[in-house]
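Inspection log for the structure reproduced underneath, given as structure tokens.
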Amino acid sequence: MNHDKLHNIIAFTKDLHVLYIEDNFDVREQTIKMLQIFFTSIVVAKNGSEGLNLFNSNNKYESTSFDLIITDIEMPVIDGISMINSIRDTNKDIPILIFSAHSNTDYFLKTINAGIDGYILKPYNIEQISNSLMNIIEKNKLTNSNDHIIHLEDDYIWNLKDSLLYKNEEIIKLTKNEIKLFTLFITSKGSLKTYDEIESYIFNDFSSNNKRVRNLVSRLKIKLDYEIFESIYSHGYKLKYKNFL
């Protein structure tokens, strides 16, 4: 599997909220391990009835609604096709991906009529899942529902909506100038910023020795106990983003 391709897919999928339905314990446990490469938020159901209930209860609230459904077909209580048909009665748009051991024409036609976005035959591998997810992303113009969340190195998270820095779900208290420093780098999408650019943005003027910028970054390093702004010798700084691979 090409690492660049995988990284690009994960950039879209990492924060999607996924509902996964599978009745076989062994298959479910193995598949979850693969899905965790792509997703951090996976809600699991053991049959179609449980999956439908979870979908209906979560999708009442925008903050917990699912972005993608991955399901088996042959399951107890309510089978996968019946579950999908029920979901489609209220939601025509959510992408649905099927993982199934059934390859006969009847199942294919029923799932197509139910409105699915991909069909992978068991046993499957990372590359098959990657390709199907990429197709779904392109077909549905799927975007991250948490695209205001920016993942930084050492598990720091920047919330674009609120201009807040988090670690382990705790807010890190920042000064006004520290907030401006993060804002400058986040809005420029990771590009290197020179000392003069930083000085102009934060202090609205220039200093010949850049001491104020270096002191600001140094104090922040002590506060975070981590060098989240990388010093580029004689040029400036870069913000360190998390690499999920």
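The values are calculated or read from the model by the stated rules, or taken from the named source; none is laboratory data. Computed from a predicted model, the values in this text were never measured in an experiment. Heads up, the Cβs are rebuilt from the backbone with ideal geometry, glycines too, and the neighbour counts pull from every protein chain shown.
Per the conditions (1) touching a Ser or Thr at 6+ places or on another chain (Cβ under 6 Å); (2) assigned to a helix (DSSP H, G or I); (3) farther than 22 Å from Ser132 by Cα, the sole criterion not satisfied by Leu54 is (1). Starting from residues that are in contact with a helix residue (DSSP H, G or I) (Cβ under 9 Å, 6 or more places away or on another chain) and surrounded by 14 or more Cβ atoms within 10 Å (Cβ to Cβ), keep the ones in the stretch 186-206 and report whichever is farthest from Phe229 (Cα to Cα). Filtering the stretch 186-206 for residues that are in contact with a helix residue (DSSP H, G or I) (Cβ under 9 Å, 6 or more places away or on another chain) and surrounded by 14 or more Cβ atoms within 10 Å (Cβ to Cβ), the one farthest from Phe229 (Cα to Cα) comes out as Phe203. Within the stretch 87-98, can one find any residue that is in contact with an Asp or Glu (Cβ under 7 Å, 6 or more places away or on another chain), at pLDDT 75 or above and either more than 16 Å from Phe12 (Cβ to Cβ) or assigned to a strand (DSSP E or B) (or both)? The answer is yes, given that some residue of the stretch 87-98 is in contact with an Asp or Glu (Cβ under 7 Å, 6 or more places away or on another chain), at pLDDT 75 or above and either more than 16 Å from Phe12 (Cβ to Cβ) or assigned to a strand (DSSP E or B) (or both). Given Asn204, Asn168, Asn113, which one is in the same structural domain as Asn85 (by TED's automatic domain parsing) and at pLDDT below 90? Answer to the selection: Asn113.
Does Val18 count as buried (at least 16 other Cβ atoms within 10 Å of the Cβ), at pLDDT 90 or above and not basic (Lys, Arg)? So Val18 fits the description; yes.
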